Amino acid sequence: MRETTSMTKRKALSEEVREAIAASPKSRYRISKEMGGFSQAVLSRFMSGASGLSMSTLDELARVLDLHVVAGNPPRKRRST
């Protein structure tokens, strides 16, 4: 008998950050301003997938949006018996 597993492909960190920006109640304008006047054009290119962001920019973005990276797999839900 052949065992099959359904593995879900993990999202790229950049995609997770894009989703966090989109889900934020802050506008992109406000995010840019809170990042010390970060370029809205650069943020727009990142959101469209046309470019990436440096680690220092990601650090600042994480500060503004209160983002935290959690390593590893999320805990599995236990089945109730």
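We did not get these values from a lab; they are worked out from the coordinates using the rules stated. What you are looking at is a predicted structure, and each value in this text was computed from that prediction instead of being measured. Note that we place each Cβ from the backbone using ideal geometry, even for glycine, and neighbour counts take in every protein chain shown.
Would you check if A41 is farther than 18 Å from A22 by Cβ and either part of a helix (DSSP H, G or I) or not polar (S, T, N, Q) (or both)?
Working: farther than 18 Å from A22 by Cβ: no; either part of a helix (DSSP H, G or I) or not polar (S, T, N, Q) (or both): yes.
So A41 does not fit the description; no.
Only one of G72, G52, G37 is touching a helix residue (DSSP H, G or I) at 6+ places or on another chain (Cβ under 8 Å) and either in contact (Cβ under 8 Å) with a residue 24 or more places away in the chain or loosely packed, with under 10 Cβ neighbours inside 10 Å (or both); which?
Details: G72 fails: touching a helix residue (DSSP H, G or I) at 6+ places or on another chain (Cβ under 8 Å); G37 fails: touching a helix residue (DSSP H, G or I) at 6+ places or on another chain (Cβ under 8 Å).
Being touching a helix residue (DSSP H, G or I) at 6+ places or on another chain (Cβ under 8 Å) and either in contact (Cβ under 8 Å) with a residue 24 or more places away in the chain or loosely packed, with under 10 Cβ neighbours inside 10 Å (or both) holds for just one of G72, G52, G37, which is G52.
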